[in-house]
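Input: a single structure, listed below in structure tokens.
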Amino acid sequence: MTYEVSPAVQSLVDKNLASGLYSSTNEVLLDALHALELKNSDLAEIRMGIADMEAGRMRPMAEVAEEIRAQLGL
């Protein structure tokens with residue numbers, strides 16, 4: 001499969017290949033896409049947390065910390 005990428009993207013791919021950590025362009029791009037999926041998942045979780053906070057679905061940190069201490073027997 002052939003892709004056209006900008007010179008800036010190709011430069012980043014080449015830099016990563018030159019590092020010796022990757023043996024192919026496919027490995028570089030696959031790792032980059034996995035990182036992008038992780039980033040998007042993290043952002044979705046953050047957005048859900050913000051929505052919960054804005055809707056009043058939260059508890060004071062002191063209450064949560066005390067519950068954790070009790071569970072751990074501290």
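Here is a yes/no grid of residues against (1) surrounded by 10 or more Cβ atoms within 10 Å (Cβ to Cβ); (2) closer than 30 Å to Met1 by Cβ:
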residue	(1), (2)
Leu36	yes, yes
Arg47	yes, no
Glu67	yes, no
Leu74	no, no
Contact list, first residue from segment 7-28 and modelled with pLDDT of 95 or more and surrounded by 14 or more Cβ atoms within 10 Å (Cβ to Cβ), second anywhere and of a type in the set (Gly, Ala, Ser) and not in a helix (DSSP H, G or I), beta-carbon distance below 9 Å, six or more apart or interchain, is Leu17/Ser23; Leu17/Ser24
Conditions (1) modelled with pLDDT of 95 or more; (2) among the polar types (S, T, N, Q); (3) not in a helix (DSSP H, G or I) -> Thr2 fails only (1)
The condition from (1) of a type outside the set (A, V, I, L, M, F, W, C); (2) part of a helix (DSSP H, G or I); (3) under 25 Å from the mean Cα position of the chain (by Cα) that Glu67 misses is numbered (3)
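The values are calculated or read from the model by the stated rules, or taken from the named source; none is laboratory data. Since the structure is predicted, the reported quantities are computational estimates derived from the model, not experimental observations. Every residue, glycine as well, gets a Cβ built from its backbone with ideal geometry; the counts of neighbours run over all protein chains shown.
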